[in-house]
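Novice: First the structure, which I've put down as structure tokens, then a few questions once you've had a look.
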Amino acid sequence: MTSTSRELLSSAAEELELAGCPSPRVDAEWLLAHALGVTRTELYADGDHPLTVARRQRFGELMARRAQREPLAYVLGEWGFRRLTLRVDSRVLIPRPETESLVERCLALLDGLPEPCVLDIGVGSGAIALAIADEHPGARVVATDSSPGALAVADENRRRTALTGRVELVSGELFAGLEGPFDLVVSNPPYVSPEDFDTLEPEVSLFEPREAIVGVGVGAEIAGAARAVLAPGGWLLLECGDGQAADLAAEFERLGYGDVVRTRDLADRERVVEGRWA
Ligand SMILES: C[S@@+](CC[C@H](N)C(=O)[O-])C[C@H]1O[C@@H](n2cnc3c(N)ncnc32)[C@H](O)[C@@H]1O
């Protein structure tokens, strides 16, 4: 019988590989560290630590979920985004690395504004809204979502990160009931076509909320409506899918935005379009 965490890790990685998980060894390490209540670094430092029956059972439960291709973030129940660790479950999209690039651009444009008003459309877990409030100490953020489940998770994360006083949550469709002026409007809207959704990996298509992912033309709709709430000289920043940035940038220009810029993410793909409402 397997007796130490090191031995258990090898067999777990094999099991996840057989299940088709793309990063079986890393996932097994995360899950075992979680079951043991230690960090991955501590797991390495103490690789021959014997496991109690309770911990082994806990690990088995986590492994069973991951082997069904449930995303690692949902199994762990939390996920890192910039400086924050956010609670995540199947009610919200798991924050993605490319969205960190979107936040990076927002912070660059807000630099120098002492108390900017920011609007985040489609708050999800709260990733964008909370990261902006966390990294710009003067920013006040209004964040909306049409999903009650997402708003509940965002609220939990707002309290977890002690940013409740700086981030206001609003329930509703896109801009419904919102009045500006905002210095910056940001959104990571649903932008995957219905045809593409079914071709995504099972972690996404079977577990993440479809309404957070599938959408056609939502970015353009936001770009049109944002003009009514942006302060003169205010910025609009939208994340988009790989291959969509050129069309979205053209739409920004058609709608009258100036200083339109496309930004690449760390994988060198254009994923963010920004423009200024003059
Ligand atoms: C791609 S997720 C982004 C979540 C989060 N901002 C992030 O970047 O991780 C899109 C979010 O928009 C919300 N949403 C979709 N359609 C919406 C609409 N018409 N009005 C308001 N929110 C919407 C979804 O519920 C989801 O939480």
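Novice: Place a point 7 Å from Cα of residue 197 in the direction of its Cβ. Which residues in the range 204-224 have their backbone N less than 11 Å from it?
Specialist: Under 11 Å, as judged by backbone N against the label point of residue 197, lie 205-206, 208-216 of the range 204-224.
Novice: So, one more: Would you mind computing, in nm to one decimal, how far apart the modelled labels at residue 113 and residue 278 are, each placed 7 Å from Cα along Cα→Cβ?
Specialist: Each label point lies 7 Å from its Cα, and together they span 1.9 nm.
Novice: Using only the alpha-carbon atoms, how far is helix 245-254 inclined from the longest principal axis of the chain? Give it as 0 to 90 degrees, nearest 10.
Specialist: The two axes meet at around 20 degrees.
Novice: Another question about this same structure. Find the Cα radius of gyration of the chain, compare it with 2.2 N^0.38 Å by division, and give the number to two decimals.
Specialist: Ratio of Cα Rg to 2.2 N^0.38 Å: 1.10.
Novice: Using R₀ = 30 Å, calculate the FRET efficiency as 1/(1 + (r/R₀)^6) where r is the Cβ-Cβ separation of residue 206 and residue 267; round to 0.05.
Specialist: 0.80
Novice: If you don't mind, there's one more thing I want to ask. Exposure proxy check: 99, 263 ranked by fewest other beta carbons within 10 Å?
Specialist: Fewest-to-most Cβ neighbours within 10 Å comes out as 263, 99.
Novice: With a 10 Å radius around each residue's Cβ, average the other Cβ atoms per peptide and rank 78-87, 126-135, highest first.
Specialist: By packing density, highest mean first, the sequence is 126-135, 78-87.
Novice: Determine which residues of the range 128-159 fall in the zone a paramagnetic label at residue 171 would reach in this model, i.e. backbone nitrogen under 16 Å from the point 7 Å along Cα→Cβ.
Specialist: Answer for this model: 143-156.
Novice: Relative to the first principal axis of the alpha-carbon coordinates of the chain, what is the inclination of helix 24-36, with its axis defined by its Cα atoms, in degrees from 0 to 90 and to the nearest 10?
Specialist: Value to nearest ten degrees: 80.
Novice: Using only Cα atoms, find the angle between the long axis of helix 97-110 and the longest principal axis of the chain, and express it within 0 to 90 degrees, rounded to the nearest 10.
Specialist: Value to nearest ten degrees: 40.
Novice: Pop a pseudo-label 7 angstrom from the Cα along the beta-carbon direction at both residue 164 and residue 25 and give the gap in nm to one decimal.
Specialist: Between residue 164 and residue 25, the simple spin-label model gives 4.4 nm.
Novice: Next question. Over the chain, what is the relative contact order in whole percent, taking alpha-carbon pairs under 8 Å and six or more residues apart?
Specialist: Normalised by residue count, the contact order of the chain is 14 percent.
Novice: Given 28, 77, 103, which one lies farthest toward the positive end of the charge dipole of the range 1-131, if we put +1 on the Cβ of every Lys and Arg and -1 on the Cβ of every Asp and Glu?
Specialist: 77
Novice: Mind checking the log10 I(q)/I(0) for the range 198-278 at q = 0.19 Å⁻¹? Debye, one equal scatterer per Cα, no solvent, two decimals.
Specialist: -0.84
Novice: May I pose another question? What are the extents of the Cα atoms of the range 130-278 along their three principal axes, in Å, largest first?
Specialist: Projected onto the principal axes, the Cα atoms of the range 130-278 cover 41, 38, 31 Å.
Novice: Run lengths n ≥ 4 of DSSP H only: what is the helix-derived mean residue ellipticity at 222 nm for the chain, with -39500 (n - 2.57) per run over all residues, to the nearest 500?
Specialist: On the way: 13 runs with 120 residues, N = 278.
Here the helix-only value at 222 nm equals -12500 deg cm²/dmol.
Read the figures in this text as sums done on the coordinates, not as results from a lab. This is a predicted model, so every value here is computed, not measured. Here Cβ is always computed from backbone atoms with ideal geometry, including for glycine, and neighbour counts include all displayed protein chains.
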